[in-house]
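Worksheet: the structure to be examined is printed underneath.
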Amino acid sequence: MQALVIALAASASALAPARRAAPLKTPTKAAAVADAPTAVPDRVSKENPLRVVIAGAGVGGLTLANALDDCEHVDVTLVEKTSAFKRFGGPIQLASNAMQLFREMDDDIYDQIEHKFTWTGNLTNGIKDGIRDEWYAKFDLASPAAARSMPYTGVIERPDLQEILLGGLTDGVVANGVGVAGYEKTAAGGVNVAMEDGRVIEADVLVGADGIWSNVRAAMRDEPARGEGSGVSYSGYTVFAGELNYASPDNGEVGYKVYIGPNQYFVITDIGNGRYQYYAFLARAPGSAETEAKPDGTVPFLKKTFEGWSPDVHRILDATKEDEIEQRDLYDRPPSSIKPWSDGPVGLLGDAVHAMMPNLGQGGCQAIEDAFVLDQELRGLRKRSYAGKALQTYRNRRLVRSASVQGLSRFASDIIIRGFDTPAKIVTDDGPVRFENFNYAGIVTRLLQPILPVFFTVQFNFLYEGWRNEAALDLKAGVAIFGIGLLILAVGAGAVGDLAILLPFAGESLIGAEAFAGLSETISSILPSVDSLL
């Protein structure tokens, strides 16, 4: 055993960053490995609880910790790399599916979130013509939620959500100051969790909620946490994100608006209390922040990039200070049916397994859904030896849905940037009749106008209907999304002049490439039971 500890400590040192984290400031509730493993019976009980270690205190990790903390036969420890929690990070959207989950899991936490919440789902939301400032398509987020008696979509400041979730945990659950470097499964069926400072924690279950650059995932799949071979892919887009006080002319009426135009788009969102957030999405090679010159600053660069666009775009840019905007490249990670979500008693959650583009605002929401399902599977365990099976069931319940949402999030960017343009328009005002943007892309963008609201209505119904993750596959919603999406992609492919650009990408955009394997796997698992009925 001493050799194991030394080996794990060496592994942890190899994985740790150059600057080592400080030692744990709070004793972990899970037992530290000494000369011999702790002898515990297989049967889980109040006297011998299931020892769960969660790596990472993001939204998903904190939600899971809160869900398990009130379970008397589960002993949960949340390990967070940062030495102290600070107020940082912008607003996060919690769509109706996430808000409904919080209401199901904990009324008190839901009430606290609602108190800090800015509702947007009951306002006007949709796409606008970026040049003419006319509504192109409005999205009905309210009706699908109201029809299911679900809360509306809205936003909350990430530090406020973090404080609420931290406040729901009992003392001793959170251990700050060092991250998880890796793990090793034990012969007894448990897991030894290697920390970045060389310590090792003995547990029955390890959940990697440590983000897109997850060390737990890297150890599970024997791949680097970052860079080539990590499975994380560049989306093709860089985003400029701004957050500021802004006197919007449509405050209280519009939740969010997406301004579309050739090769780029601009999103403005009400985040409450007179503050707004915006995102400028540009198709760029990775690392463009360093390679693309901005001699006069970021704001003048964006004003030039969006020259001729809606006055609203320029008003919010004019109100922006340089320190209120930042640029980052966007990466995501398709959920995989080929690579594992779990390894015996070790599982992955949130961005560690299905990082998403921000277009649908579902990244945090899907991590919350992960936590909801994991809580159900782990609290139902009565034997430690069943932990691997519970994690596999969690993966089966979440794979196709999370892959669909991930694919839809990528699809939203690709079709808007690759397939959309300024819509064609016949202008018949005071002067002679004139035709604006009557090229193929402009005509197609206009023809797609009545289809998009239908597509997004189907999409929101899919998101709001399946929040319980009771079925591995929602065939009705899936077929509708795929059918309408293929139509949009087919027409959009013609708009960019090359069918090969978008059509082969259709499946990956709409559901996630590797999720097709998961879909096939799900259907195959259903077929034997169908055969038995024939």
task: Kindly check whether there is at least one residue in the stretch 310-321 that is part of a loop (DSSP other than H, G, I, E, B) and open to solvent by 40 Å² or more (accessible area, probe 1.4 Å).
output: yes
Of residues in the stretch 359-401 being closer than 30 Å to Y279 by Cβ and among the charged types (D, E, K, R), the one surrounded by the most Cβ atoms within 10 Å (Cβ to Cβ): D370
message: Restricting to the stretch 192-225, name every residue that is under 13 Å from E80 (Cβ atoms) and in a loop (DSSP other than H, G, I, E, B).
response: E196, A209, D210, G211
Whichever residue in the stretch 99-131 is part of a loop (DSSP other than H, G, I, E, B) and of a type in the set (A, V, I, L, M, F, W, C) and, among such residues, is farthest from E157 (Cα to Cα): I131
- prompt: Taking the stretch 176-216, which residues are among the aliphatic types (A, V, I, L, M), over 26 Å from Y386 (Cβ atoms) and open to solvent by 10 Å² or more (accessible area, probe 1.4 Å)?
  reply: I212
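Which residues, taken from the stretch 418-466, are under 34 Å from the mean Cα position of the chain (by Cα) and outside any helix (DSSP H, G or I)?
Here is the first cut: in the stretch 418-466, the ones under 34 Å from the mean Cα position of the chain (by Cα) are 418-423, 441-466.
Passing the criteria: F420, D421, T422, P423, L448, Q449, P450, G466.
Residue by residue, here is whether (1) surrounded by 18 or more Cβ atoms within 10 Å (Cβ to Cβ); (2) among the hydrophobic types (A, V, I, L, M, F, W, C); (3) modelled with pLDDT of 70 or more holds:
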site	(1), (2), (3)
F435	no, yes, yes
N439	no, no, yes
P453	no, no, yes
F462	yes, yes, yes
G466	yes, no, yes
A472	yes, yes, no
K476	no, no, no
V479	no, yes, no
A490	no, yes, no
- prompt: For the stretch 132-175, how many residues meet the condition of being outside any helix (DSSP H, G or I), touching a residue at least 24 places away in the same chain (Cβ under 8 Å) and open to solvent by 60 Å² or more (accessible area, probe 1.4 Å)?
  reply: 5
query: Does the stretch 310-338 hold any residues that are over 19 Å from the mean Cα position of the chain (by Cα) and modelled with pLDDT under 90, and which are they?
result: I338
query: Which of the residues that make up the stretch 423-433 are at pLDDT 75 or above and either more than 21 Å from N125 (Cβ to Cβ) or open to solvent by 70 Å² or more (accessible area, probe 1.4 Å) (or both)?
result: A424, K425, I426, V427, T428, D429, P432, V433
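Within the stretch 217-237, how many residues are at negative phi and either surrounded by fewer than 18 Cβ atoms within 10 Å (Cβ to Cβ) or over 17 Å from the mean Cα position of the chain (by Cα) (or both)?
12
The values are calculated or read from the model by the stated rules, or taken from the named source; none is laboratory data. Since the structure is predicted, the reported quantities are computational estimates derived from the model, not experimental observations. For neighbour counting, all protein chains shown are included, and Cβ atoms are generated from backbone atoms with ideal geometry for every residue, glycine included. These area figures cover heavy atoms from the full protein model, side chains too; ligands, DNA and RNA do not enter into them. Shrake-Rupley method; radii C 1.70, N 1.55, O 1.52, S 1.80 Å.
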